[in-house]
Amino acid sequence: MKLVFAGTPEVAVPALDALIASGRHEVAAVVTRPDAPAGRGRRLVASPVAERAEEAGIEVLKPARPRDEDFLTRLREIAPDCCPVVAYGALLPKATLDVPAHGWVNLHFSLLPAWRGAAPVQHSIMAGDEVTGASTFLIEEGLDSGPVYGVLTEEVRPTDTSGDLLTRLAFAGAGLLVATMDGIQDGTLHAVPQPAEGVTLAPKITVEDAQVQWSAPALRVDRVVRGCTPAPGAWTLFRGERLKLIQAVPVLDRADLAPGELSAAKNNVYVGTGSHAVELLWVQPQGKKPMRAADWARGVRIVHGELLGS
């Protein structure tokens with residue numbers, strides 16, 4: 001089939017690579033978000049998908065909005081059979097959805113209808129799911145509600161961050177997306193409506209959502225830190241400034257600290273929660289690079305009874 005691939009971040013690149021390498025399909029063009037400011041200089045930078053497409057000599061379309069008439073005109077000129085999508089980052093209006101004969105097929109990183117929305121992997125970890133996965137589905141005007149072509153499952157490991165899990169799903173999901181394109185071309189794959197039961201939502205995780213509440217149980221603190229790593233980054237307050245929490249693990253045999261209370265030894269830093277303590281392993285003070293929590297604690301000279309989050 002002739003394809004127009006839509007995607008923006010690094011997590012979409014494995015699927016683009018897999019489609020290019022498939023040998024069965026032609027990636028005629030790529031649709032991605034416009035260049036965005038990045039870095040200290042706020043210089044405009046192309047998306048990872050745009051960079052990869054340009055390396056491969058593929059036409060790149062960067063509409064400000066996918067309803068723009070110039071974009072729709074070019075899309076109709078290309079006349080794709082199908083438009084596979086991975087983390088494009090913009091809602092597609094009906095006029096855009098109607099262009100390809102086989103529609104727009106999204107690779108979504110959850111087992112639909114669970115975790116519909118922008119942040120399925122983060123929410124899965126924060127909810128304590130033991131198994132998640134990826135789904136390919138036909139995009140409709142509703143939020144991730146279209147019929148499903150295929151799924152794969154993936155174990156959520158006890159130490160997984162959202163970055164770890166998303167990386168595995170990106171590579172496994174790339175194969176699922178190629179297989180979905182193959183099945184659509186062959187006529188052997190037909191989308192099945194999602195069940196009405198089991199719908200959960202996964203809206204974007206905000207900076208406020210990522211603030212650790214030390215009154216919560218240690219397992220909840222662990223899930224928030226892992227779910228918000230690397231983005232937007234779990235955090236707390238220390239002496240009035242934000243302290244980013246990169247890695248923290250529950251310590252089941254210590255429950256002598258009040259919620260948020262710090263206890264620092266030579267090589268360990270513990271914080272009380274609503275249940276037992278967690279040990280901070282890696283942190284990032286405001287304006288500084290990530291560092292081992294023990295090194296941070298020695299530098300700030302923690303006072304006995306001092307609290308995080310106060």
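The values are calculated or read from the model by the stated rules, or taken from the named source; none is laboratory data. Note that the coordinates shown come from a computational prediction; the quantities given were computed from them, not determined experimentally. Here Cβ is always computed from backbone atoms with ideal geometry, including for glycine, and neighbour counts include all displayed protein chains. For accessibility, only protein heavy atoms count, side chains too; no ligands or nucleic acids. Shrake-Rupley method; radii C 1.70, N 1.55, O 1.52, S 1.80 Å.
Just a few scattered comments:
- Whichever lysines have a C-alpha closer than 23 Å to that of residue 94, once near sequence neighbours (fewer than 8 apart) are set aside: 2, 62
- Distance from the C-alpha centroid of the range 132-150 to that of the range 247-310: 41 Å, rounded to the whole angstrom.
- The trypsin sites (Lys or Arg not before Pro) of the range 1-98 meeting both criteria, a DSSP state outside H, G, I, E and B (loop) and at most 15 other C-beta atoms within 10 angstrom of the site's C-beta, are 24, 40, 42, 67.
- Kirkwood Rh in Å, taken over the range 240-298 so that all alpha-carbon pairs contribute: 11.6
- Other residues lying with their Cβ under 15 Å from the Cβ of residue 159 contribute a combined charge of -4, Lys and Arg counting +1, Asp and Glu -1.
- Here the extension length gained between residue 300 and residue 36 equals 91.4 nm, from 0.36 nm per residue of separation less the Cα-Cα distance.
- In this view, the solvent-accessible surface of residue 126, computed with a 1.4 Å probe and all protein chains in place, comes to about 20 Å².
- Distances between placed amide hydrogens fall under 5 Å for residue 201 paired with 115, 116, all partners being 5 or more residues away or on another chain.
- Normalised by the number of residues in the range 188-289, the mean separation of alpha-carbon contacts (under 8 Å, six or more apart) gives a relative contact order of 25 percent.
- Take the Cα of residue 131, go 7 Å toward its beta carbon, and the backbone nitrogen atoms of the range 86-109 under 19 Å from that spot belong to 108-109.
- Accessible surface computed residue by residue for the range 75-175, with neighbouring protein chains in place and a 1.4 Å probe, gives 38 Å² per residue.
- Label point distance in nm, residue 258-residue 43, each placed 7 Å from Cα along Cα→Cβ: 5.0
- Anisotropy class of the range 195-259 from Cα gyration tensor, a/c 1.5 cut: oblate
- If the chain linking residue 54 and residue 265 were pulled fully straight, counting 0.36 nm for each residue of separation and taking away their Cα-Cα distance, it would gain 70.8 nm.
- Accessible-area rank, largest first, for 25, 304, 102: 304, 102, 25, with all protein chains present and a 1.4 angstrom probe.
- Extension gain, residue 189 to residue 69: 0.36 nm times the residue separation minus the Cα-Cα distance gives 40.0 nm.
- Label-to-label distance, nm, for residues given as residue 98 and residue 292 (7 Å Cα→Cβ offset): 6.3
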